[in-house]
Each structure stands twice: as structure tokens, then as C-alpha cells.
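S.K.: The structure under discussion is supplied below as C-alpha cells; questions concerning it will follow.
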Amino acid sequence: MKRQVTTAKWMTLVMVSVLTAFAANVVEADTKTVPERSDIDTKHRWATEAIFPNVEAWEAEMKVVDKLIEKMASFKGTLAQGPDQLLEAIETRDKIEPQLERAYVYAQLLADQDTRVGETQAMRSRARSMFIKYGQAMSWAEPELTSIPFETLDSWMREKPELELYRHAFDDLFRQKKHILTPREEELMAMAGEVRGVAGTAYSLLTNADITFPTIKDENGDTAELDDSAFYKFMRSSDRGVRKAAYDGIVGTYANYRNTAAALLNGSVQNHIFNVKARDYDSCLAASLDGGNIPIEVYNTLVKTVNENLHLLHRYQDLRKRALKFSDGVHAYDLFAPFIANQTLEYTYEEAVEATLVACKPLGDEYIKPMKKGFDSRWVDVYPTKGKRSGAYSSGTFLTQPYILLNFHGGYESMSTLAHEMGHSMHSLFSRGTQPYVYSDYNIFCAEVASTCNEILLQHHILEQTKDPKKKLFLLGEFLEGMRGTVFRQTMFSEFEQKIHEMAEVGQPLTADALGATYREIMTKYYGPSYAHDDVVDNYWIRIPHFYYNFYVYKYATSYCAASNIAARIMKGEPGAREAYMSFLRAGGSKYPIDVLKLARVDMTTPEPMQDAMKLFEGLLDQTEELLNDLDMLN
């Protein structure tokens, strides 16, 4: 998943959004403990010195940015003077924001590589405060710009070609004019930015730094250290007792903080509601989608199409119940269980890199060569270490190389996560390398397409190399899990997120009990009659950081549907498909995201991509059931 520093349409607060994938894993060393960072070879640690050689250089950059912010504020009240003055203001903006983002990302990377270090946590806090300061200093800009008649701006753009570059940005800004407040109101919104982010910050510190988990006995009877980022490793254990112990140990530990977590999540939702009321949106969902100009019908069509096909997910769980002889039903800790005990595929990090490069060959040398260079240039922070942020993400800015946080443990999932995050980084590389700063970041609606396309190419590559029926069954299980986790599960999360926002919008308190009951209702609907619900599952929502990201998760599902369509056409060798995809990667934010995806020949305003994904899932179920029958596992 991509950690994105997003830049506003024209001149407003640069919002920092730290998005951490929750499906990453942790390496299990021989001692069953997580190593210290100093134990990891430099080649497996990201090259933060490529951003700044040391903290002193970062401090100097912060001072430069601080002075530039003062200069930017000097443009207040001058934008209507003419095209020259407007262009100077924009070009100054285009200088400040990349430097500000670079300073923030450096601090963020240092903070995430060891969350126990107070100095780097303070650096991140200072960088975020600088963002807030910039937002306050620029709160006047959008109201002032939109007070200029668009006809005047249009004539200025025709008069001055350098301004024409910003036409799409101006169009997008004026599209949202009715939600832009007065200069003083925008200043107050910016001033409240840090306060409004407290819930998310507190949640991150609670779950990444403060909560400790118990130990359990693993398959060999040895004591194993539980860690939230190790969750999916334990969930893939062939030992049902280990899976249950790990699930209860991790989710049960979160349950101890259920009231605090409910208060934090409610705080985040109330932040969204505050924005809706302040900017006069119809709902939290509408406000969230408006930034990317995404029709609400896209969201509703996804939920509707997935709900119409829940029988496929129910069929999948029934196959799992029958094949694994779960007479009491499929419990939440069984959802990731392999069909065949101890059948796994293990890879070193170097093998995972090579497999990813080979799998992506259909994308051509213009894709493969820079990706290989990225692996060789220490884009990736590979292994889990004490205090390291859990999960996985791709980061970086217009002025830096991409950076990937990984927690590689050696299983297929880790290799798939590597391919996924490298897809984000390659998308960023092409976007930033092609587009001017103003359009260099792609909208988050498109953010999971390239990453998922890489995943699908890898899956097909590994499956083609596998002849053993048991290993093939394992890989088919990975395909199914990929779609369950990315399409069905993320849509389920989306329903939960939409429901709790709707509850809060009508004044219903978001207590731990209310959140748990809502999660239980949706969970049982999605997984069907073969699923056996346990009370501890009611607290699972606590461990999902994406609920603090304001309707992000649905984009995983829509992106998977788009990516599977793109990957299928590229693998078939459809004329022009690869070139169309590369056009998508290079487009950045130069068009609205729906139109950017159309460059790759995918139209998300129709239900076809979602319906095609459901057909793909059904086909995988057919192949899996056939193999299970051949292996006499359904009798």
C-alpha cells in the first residue's frame, strides 16, 4: 500500500497521510525474537542518507522551508494583480512544497524505522507542525484565487503559456469552489489541523509503540513472540491451536483497549463530520469522494456488485470447511489456513527480488530496468526489527527516490508484498519523472492499481512454474486469498466504515459495544453459513489503521478490479495494452482519476470491471474445487 504525501489542488494545506498496509508480516529469527536494527546488513536498510546526509542537514532544510513559508505568505492580496504575479506565486509554491514534503518524509522514515526513539518522533512532530504552519500561512490562497472570475483566469492562461500548465488544477479548484470557505475560516480550519489529527496520531502510537502482546507456543512447542505484524504468519499456520492462540493473543489484547480505541475512532469520525458541516457536504462519504471527483455511484456499485456475489465467498468458505474438516465451522482464525498442512513456499529476499523482476517482464524493459536499479539503490528497508513500524508501505517525494518499508519473513506473502510495494514505487517513479510537480502525485483512487498489477503478474508467473498439484493448490489458495482480502474483505471494511459514519451523522454514539455489534453483523453476512463467529472477533476493527484514513479501503477493491483487467490484457499480449498501461503510470494527477484509468482502457463508471473480477474469482474456485477433488480432500 502506498504511503502518500498528497498535495492540494492549488495552494492549501498539504495534508500528510501515513497509510500502512496491515497485511505485512514479521521475520521469525532462530531465537524467536525480533532483531535490533543494528543487526541488519546496511544493504537491507533504506538509504535515508540519499535524502539528507544527517540530521543537521535536515535541520538546515527546516530553517530554509520556514523562511520560504514567510515569503509565500507575502503574496496574500496580490493574486488578482495579473498573470505575472499569479505565476510567481505558483512557482514559489512549487518550490516550497517539495522541500517541505522531503523534510517530512525524512523525519517519517527515521521515526518509523524505530518508533522507540524519542528524537525521531519529535522530528516527525516538528515536520508535521511545519505542514500546519504552511497551511495556516496559505489559508487565504484558495478563497482569494476563486474570487477571481474564471473567465479572467482563462484569458490569463491564453495570454501566458506558462499558466496554461495549471488549467486542470484551476478547473478542479473551481469545481469545488462552493466548499471553499472565507480566508478567515480557512485559516481556522488550518489552525485546527493538528488538533483534528490527534486521534489518528494517538491510535498509531497506541498500536505501534504502547501495546505489547503475549507469547504463545508454536507448532514445535517453542515459545514464540507475538507481534501485530506477525499476525498473518501465525494465521497461516497449519496448526489450528496455534492459529487460535495467536488470534486470541493479538485480537484479545486489542480488546483490552476497546473503550480507548472506540473513543479514538469516534474522534476520527467526528473530525470527518466537522469537515462535512464546515464545508457544506451532504455526507462524510460525499466529502471524501469529492476530492478526486469520484461519482458516489462508483462506490455504491462496488458494494452492490460484491453483495450480489457473496454466494461465491460463501462457497469458498464451504470448500475450506469441507477440505479442512472443520465440523464446527470456519472460525475467524481459520480464514487464512492453508488447504494442505505444512505446504508453503519459502523464499529468501534475493529470490523474491528475482522472481518479481521476471514476473514483470511483460511490462517491458522501460519498466524492468528502473525497477532493478531501485532494488540496487536501497529503496527497500527489508526486515522487521525491534520498534519498527509494522506493515508495509511505499513512500518518497518529488525530490527523492522511492522508499519501501517492508517486514520480510520469507513466505510467499512477503514476496507478494514486495512486488506490491514496488508497484507503488514504480508508479511514483514514472509519475514524478514525467509530470511537473503540480501533477506529480496520482490520486489515491488510482494508488492500488500498479501495486496490485504487480501482484497478479507475480502470482501467474509462480503458478506457471509449478507442476506439483499440492503446490498448485497452495498457489490457487493464494490467488483466492488475494481476491478475498482485497475485493471482498476491503469492501466489507468499506461497509463497516460507511455504517459507522452514518451512525455518527445521526448522533448515534460510537461506543465499543456499538462498533462491535456493527462489525459482527457485517462479518457474519459476508462469510455466510459455514462461518462460526466468536465474540473476540467483535473487536477486530481495532487493529485496522485504515479506518482512520477517511474512506480509503474501498480503493483497494476498485483498484484490484482495474488491475486484474489490465494484467489479463497485458499477459494475453493484447495490442497496445502495455503501452496504454504505461500511459496510465505516467499520467500522475494530470487528469481526474476516472479519466486516468481510461488511459489504461478501464472504465470504473461501469460495473463491468467489478463483474469481471467476480468471474475471475469464480473461475479460481472451480479450479480449486477440481484439485481438491483430485486430491480426494472433499470426501
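S.K.: Output the number of the condition that residue 200 fails; it satisfies all remaining conditions of (1) in contact with a Phe, Trp or Tyr (Cβ under 6 Å, 6 or more places away or on another chain); (2) closer than 30 Å to residue 477 by Cβ; (3) not aliphatic (A, V, I, L, M).
M.R.: The failed condition is (2).
S.K.: Could you give every pair whose Cβ atoms fall below 6 Å, whose first residue belongs to region 46-71 and is touching a residue at least 60 places away in the same chain (Cβ under 8 Å), and whose second residue is acidic (Asp, Glu), counting only separations of at least 6 or pairs across chains?
M.R.: 46/381
S.K.: Looking only at residues in region 324-337 that are surrounded by 21 or more Cβ atoms within 10 Å (Cβ to Cβ) and farther than 19 Å from residue 487 by Cα, which one is nearest to the chain's Cα centre (by Cα)?
M.R.: Taking the candidates together, the pick is 333.
S.K.: Among the residues of region 216-229, is any of a type outside the set (Asp, Glu), more than 30 Å from residue 346 (Cα to Cα) and assigned to a helix (DSSP H, G or I)?
M.R.: No - not one qualifying residue is present in region 216-229.
S.K.: So, restricting to helices (runs of 4 or more DSSP H) that lie completely within region 93-187, which ones have at least 3 residues that are among the small types (Gly, Ala, Ser), surrounded by fewer than 20 Cβ atoms within 10 Å (Cβ to Cβ) and without any contact (Cβ under 8 Å) to a residue 24 or more places away in the chain?
M.R.: In region 93-187, 118-137 are the helices (runs of 4 or more DSSP H) which contain 3 or more residues that are among the small types (Gly, Ala, Ser), surrounded by fewer than 20 Cβ atoms within 10 Å (Cβ to Cβ) and without any contact (Cβ under 8 Å) to a residue 24 or more places away in the chain.
S.K.: Being under 27 Å from residue 492 (Cβ atoms) and in contact (Cβ under 8 Å) with a residue 24 or more places away in the chain narrows it down to one residue among 620, 585; which is it?
M.R.: Step by step, each of 620, 585 is checked, and only 620 is under 27 Å from residue 492 (Cβ atoms) and in contact (Cβ under 8 Å) with a residue 24 or more places away in the chain.
S.K.: Continuing with the same structure: Based on what the data block shows, is residue 526 crowded, with 16+ Cβ neighbours inside 10 Å, in contact with an Asp or Glu (Cβ under 9 Å, 6 or more places away or on another chain), at pLDDT 95 or above and closer than 30 Å to residue 443 by Cβ?
M.R.: Here the answer is yes, as residue 526 does meet what is asked.
S.K.: For region 248-307: of the residues being touching a helix residue (DSSP H, G or I) at 6+ places or on another chain (Cβ under 6 Å) and not in a helix (DSSP H, G or I), which is nearest to residue 173 (Cα to Cα)?
M.R.: Filtering region 248-307 for residues that are touching a helix residue (DSSP H, G or I) at 6+ places or on another chain (Cβ under 6 Å) and not in a helix (DSSP H, G or I), the one nearest to residue 173 (Cα to Cα) comes out as 292.
S.K.: Ok, one more. Name the one entry in 286, 359, 355, 337 that is in contact (Cβ under 8 Å) with a residue 40 or more places away in the chain, not acidic (Asp, Glu) and not assigned by TED's automatic domain parsing to the domain that holds residue 446.
M.R.: 337
S.K.: What are the residues in region 104-147 that are of a type in the set (Gly, Ala, Ser) and under 26 Å from residue 187 (Cα atoms), if any?
M.R.: 107, 122, 125, 127, 129, 135, 137, 139, 141, 147
S.K.: Residue check: is residue 560 under 16 Å from the mean Cα position of the chain (by Cα) and either buried (at least 23 other Cβ atoms within 10 Å of the Cβ) or in a helix (DSSP H, G or I) (or both)?
M.R.: yes
S.K.: Among the residues of region 396-420, count how many are buried (at least 24 other Cβ atoms within 10 Å of the Cβ) and over 24 Å from residue 354 (Cβ atoms).
M.R.: Qualifying residue count for the region: 1.
The values are calculated or read from the model by the stated rules, or taken from the named source; none is laboratory data. All values reported here derive from a predicted model rather than from experimental measurement. Every residue, glycine among them, receives a Cβ derived from its backbone with ideal geometry; neighbour counts consider all protein chains shown.
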